[in-house]
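Before any comments, here is the structure.
The values are calculated or read from the model by the stated rules, or taken from the named source; none is laboratory data. Computed from a prediction, not measured in an experiment: that's the story for all the values here. Cβ sites come from the backbone with ideal geometry, for glycine too, and all protein chains shown count toward neighbours.
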Amino acid sequence: MKQVDGTPPIGAEAFFPQTLCTYLQALSAATTSDAVWAGLVTLAKALRLELVDYVHSADEHGAHIRSTLPARREAPFVRPTTLGPRLVGTAYGDNTGLRQLNAGLLIPLTSDTPDQTAMIVFGSAAPRATFEHLIETQAHTLHVAAMAAHTRYGQLHNAEFVTRAGLTPKQKELLRYVGLGYMDKQIAHSLGISFSAVRQRLAMVQQKTGAQNRSELAAMATKAGLVGNPLAKTPCPEGDTDHPVAAIQTHAAE
């Protein structure tokens, strides 16, 4: 097995399928959520799986869904009750609300928001026996790929929030101050603008983002990475701080 650039595998890569290693290298280079989705579909097609259905986040208000099916669901989304993968589709007496799904592998995924859920289904119109032979050889690759794609997709999708909402640089800066907990007068002083100008900009940001109140704006600022996650500052339980880490460095693969 060789890497994308043709060099021999290094370290742990020698113990993983080449298909998976190639996919993870491409995923690392993805810079948009669309690229992550396209890569996942490409991987599935390479493994002769023509259906990919990705529920990025779902709650009682709706779901963010990407799917290779033009008309996706005939039934409401059903939240997986465990993190264990399961076989779904008409061949298994369970269509999960998906059209044209004869046999599929459903992989539940974790979410950083308690009331949301996520999952990926890889499916095929192939007979049950053919599909099960494929899953027997590729289940590990699909499971790792699904979890990695979900993590990377979420990171990039959140980072793209400002662009999707059409916020201007000034509106982005205003949102950051809201995320930091600044009150309107503090924002006005920091930006050197009038109190009324702050109110006008806030109204426009709410209109563009769909936020109902200031709390939602602050949450959006955190999710978009404009401010730090306050939960990351939570102290470790007693006994877990004997070896503090001063800094974390990222080394590029050689």
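Assess whether Asp94 counts as being more than 24 Å from Asn229 (Cα to Cα), surrounded by 14 or more Cβ atoms within 10 Å (Cβ to Cβ) and of a type in the set (Asp, Glu). Step through it out loud before you land on a result.
Numbers: more than 24 Å from Asn229 (Cα to Cα): yes; surrounded by 14 or more Cβ atoms within 10 Å (Cβ to Cβ): yes; of a type in the set (Asp, Glu): yes.
When the stated conditions are applied, Asp94 passes them.
If you go through segment 84-91 one residue at a time, do you hit one that is among the hydrophobic types (A, V, I, L, M, F, W, C), within 17 Å of the chain's Cα centre (by Cα), modelled with pLDDT of 90 or more and surrounded by fewer than 20 Cβ atoms within 10 Å (Cβ to Cβ)?
Initial filter on segment 84-91 (among the hydrophobic types (A, V, I, L, M, F, W, C)): 87-88, 91.
Applying the additional criterion that residues be within 17 Å of the chain's Cα centre (by Cα) yields none.
No, segment 84-91 has no match at all.
Are any residues in segment 167-224 outside any helix (DSSP H, G or I), of a type in the set (A, V, I, L, M) and loosely packed, with under 14 Cβ neighbours inside 10 Å, and if so, which ones?
Here is the first cut: in segment 167-224, the residues outside any helix (DSSP H, G or I) are 167-168, 180-183, 192-194, 210-213, 224.
Going one step further and asking which of them are of a type in the set (A, V, I, L, M), we end up with 167, 180, 183, 193, 211, 224.
Result: Met183, single match.
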Can you confirm whether Glu173 is outside the structural domain of Leu24 (by TED's automatic domain parsing) and either among the acidic types (Asp, Glu) or in contact with a Gly (Cβ under 6 Å, 6 or more places away or on another chain) (or both)? yes
Within segment 140-160, does at least one residue satisfy the condition of being surrounded by fewer than 19 Cβ atoms within 10 Å (Cβ to Cβ) and aromatic (Phe, Trp, Tyr)? no
